[in-house]
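The values are calculated or read from the model by the stated rules, or taken from the named source; none is laboratory data. All values derive from a computational prediction rather than experimental measurement. Backbone-built Cβ (ideal geometry, glycine too); neighbour counts: all protein chains shown.
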Amino acid sequence: MLRESSDRQGTLDRLNLQGAVDHSDSGVPHDSLLTAFAEAAVRRTDSLPGLRERIAAELGPQELVDSAGVVANFQRMVRIADGCGIPLDDFTKEASEDWRDQLGLHQYASAANTA
């Protein structure tokens, strides 16, 4: 979803950001499979090995490596932000307020770690 939301013209109009939090169709190819993989990796569930195999078989080994890298990178960034309590700058805070409210991001436990 991150790659798809980067500065491509009109991309945000095609994507459903709500899909990142409620499993609805995000508009990203293979979103259900990739979301299941990310959740299994973060939660260390028993489904992780099977999801790895499925991604490698359906999308290819490079996509498995890329997907694992994205999950690991986000985990790293969240831990750093939580540890430091990194605040949003004023521009980002104002520009993202509507969709942060819409997606319910303030309800996540980690939101308490950032002023």
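Miscellaneous remarks
Here is a yes/no grid of residues against (1) assigned to a loop (DSSP other than H, G, I, E, B); (2) modelled with pLDDT under 90; (3) small (Gly, Ala, Ser):
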residue: ASP7; (1), (2), (3): yes, yes, no
residue: ALA20; (1), (2), (3): no, yes, yes
residue: ALA38; (1), (2), (3): no, no, yes
residue: GLU53; (1), (2), (3): no, no, no
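- When each of VAL65, VAL70 is tested for being surrounded by 14 or more Cβ atoms within 10 Å (Cβ to Cβ) and modelled with pLDDT of 90 or more, the lone residue that passes is VAL70.
- Any chance ARG54 is in contact with a helix residue (DSSP H, G or I) (Cβ under 7 Å, 6 or more places away or on another chain) and of a type in the set (Lys, Arg): yes
- Only residues that are in contact with a helix residue (DSSP H, G or I) (Cβ under 9 Å, 6 or more places away or on another chain) and without any contact (Cβ under 8 Å) to a residue 60 or more places away in the chain were counted in the stretch 69-95, giving 14.
- The single condition among (1) more than 22 Å from ARG100 (Cα to Cα); (2) at pLDDT below 90; (3) among the aliphatic types (A, V, I, L, M) that MET77 does not satisfy is (1).
- Residues (surrounded by 14 or more Cβ atoms within 10 Å (Cβ to Cβ) and either within 16 Å of the chain's Cα centre (by Cα) or touching a residue at least 12 places away in the same chain (Cβ under 8 Å) (or both)) located in the stretch 43-62: LEU51, ARG52, ARG54, ILE55, LEU59
- Checklist (1) assigned to a helix (DSSP H, G or I); (2) surrounded by 14 or more Cβ atoms within 10 Å (Cβ to Cβ) applied to LEU88, failing item: (1)
- Residue list for the stretch 70-115, filter: under 22 Å from HIS23 (Cβ atoms) and of a type in the set (Val, Ile, Thr): VAL70, VAL71, VAL78
- Hits in the stretch 80-115 (condition: basic (Lys, Arg) and within 14 Å of the chain's Cα centre (by Cα)): ARG100
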